[in-house]
1. So between Lys13 and Met1, what do we pick up on full extension, going 0.36 nm a residue minus the alpha carbon distance?
2. Output wanted: per-residue J couplings in Hz (rounded whole) for segment 39-51, from phi through Karplus 6.51 cos²θ - 1.76 cosθ + 1.60, θ = phi - 60°, x for Gly and Pro.
3. Determine the shape class of the chain: with a ≥ b ≥ c the square roots of the Cα gyration tensor eigenvalues, call it rounded for a/c under 1.5, and otherwise prolate if a/b is greater than b/c, oblate otherwise.
4. Of all DSSP beta bridges located in the chain, what percent are antiparallel, nearest 5?
5. Provide the gained length on full extension for the span Lys40 to Lys67, in nm with one decimal, where the gain is 0.36 nm per separating residue minus the Cα-Cα distance.
6. Can you pull out the chymotrypsin sites (Phe, Trp or Tyr not before Pro) in segment 18-91 that DSSP calls coil and that have at most 10 other Cβ atoms within 10 Å?
7. Exactly which trypsin sites (Lys or Arg not before Pro) in the chain are in a DSSP loop and have at most 12 other Cβ atoms within 10 Å?
8. Just need the relative contact order of segment 19-71 here, percent rounded to a whole number, with Cα pairs under 8 Å and 6+ apart.
Amino acid sequence: MSWRRYERIKARKHRGKHIGGPGRPDYVRGKVMGEVKHRKKPLTKREVMELARKGIKEIESLSGYTKDAIEYVKRYRPYLKLFKRGKLVRT
């Protein structure tokens, strides 16, 4: 499945409108912005930090997150929701 198709499917699953494009969130649902990552390596703490600074509230990742990224969200960004393949990651 291509990354573009994966983004559209996940935007629909999160009941958001797919937007995409460089510098823009992948989907929006009301005031909540979401990002979808379709790749083989887990998201790192640095990447999660950058998305949080952009105002992203939900991150959907096909490959998951590193341990440091999950700890960062637990400690500093409790409002941020992390999803792995559609399921909420315990933070």
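1. On the way: separation 12, 0.36 × 12 = 4.32 nm, distance 1.61 nm.
Full extension of this stretch gives 2.7 nm more.
2. Working through the residues one at a time gives 7, 8, 8, x, 6, 8, 4, 4, 5, 5, 4, 5, 5 Hz.
3. Working: a/c = 1.64, a/b = 1.33, b/c = 1.24.
Because a/c hits 1.5 or more and a/b exceeds b/c, the chain counts as prolate.
4. Working: 7 of 16 bridges.
Around 45 percent of the beta bridges assigned by DSSP in the chain are antiparallel ones.
5. 8.1 nm
6. Working: sites: Tyr27, Tyr65, Tyr72, Tyr76, Tyr79, Phe83; in loops: Tyr79.
Those that pass, being in a loop and sparsely packed, are Tyr79.
7. Details: sites: Arg4, Arg5, Arg8, Lys10, Arg12, Lys13, Arg15, Lys17, Arg29, Lys31, Lys37, Arg39, Lys40, Lys45, Arg46, Arg53, Lys54, Lys57, Lys67, Lys74, Arg75, Lys81, Lys84, Arg85, Lys87, Arg90; in loops: Arg15, Lys31, Arg39, Lys40, Lys54, Lys57, Arg85, Arg90.
For trypsin sites (Lys or Arg not before Pro) across the chain that sit outside H, G, I, E and B with at most 12 neighbouring Cβ atoms in 10 Å, the list reads Arg15, Lys31, Arg39, Lys40, Lys54, Arg85, Arg90.
8. Averaging sequence separation for qualifying contacts and normalising by length gives 37 percent for segment 19-71.
Taken together, the values in this text are just the output of simple stated rules run on the coordinates, not laboratory data. Bear in mind that the values here come from a model prediction, so they are computed numbers and not experimental data. Please note: Cβ atoms are built from the backbone with ideal geometry, for glycine as well, and neighbour counts cover all protein chains shown.
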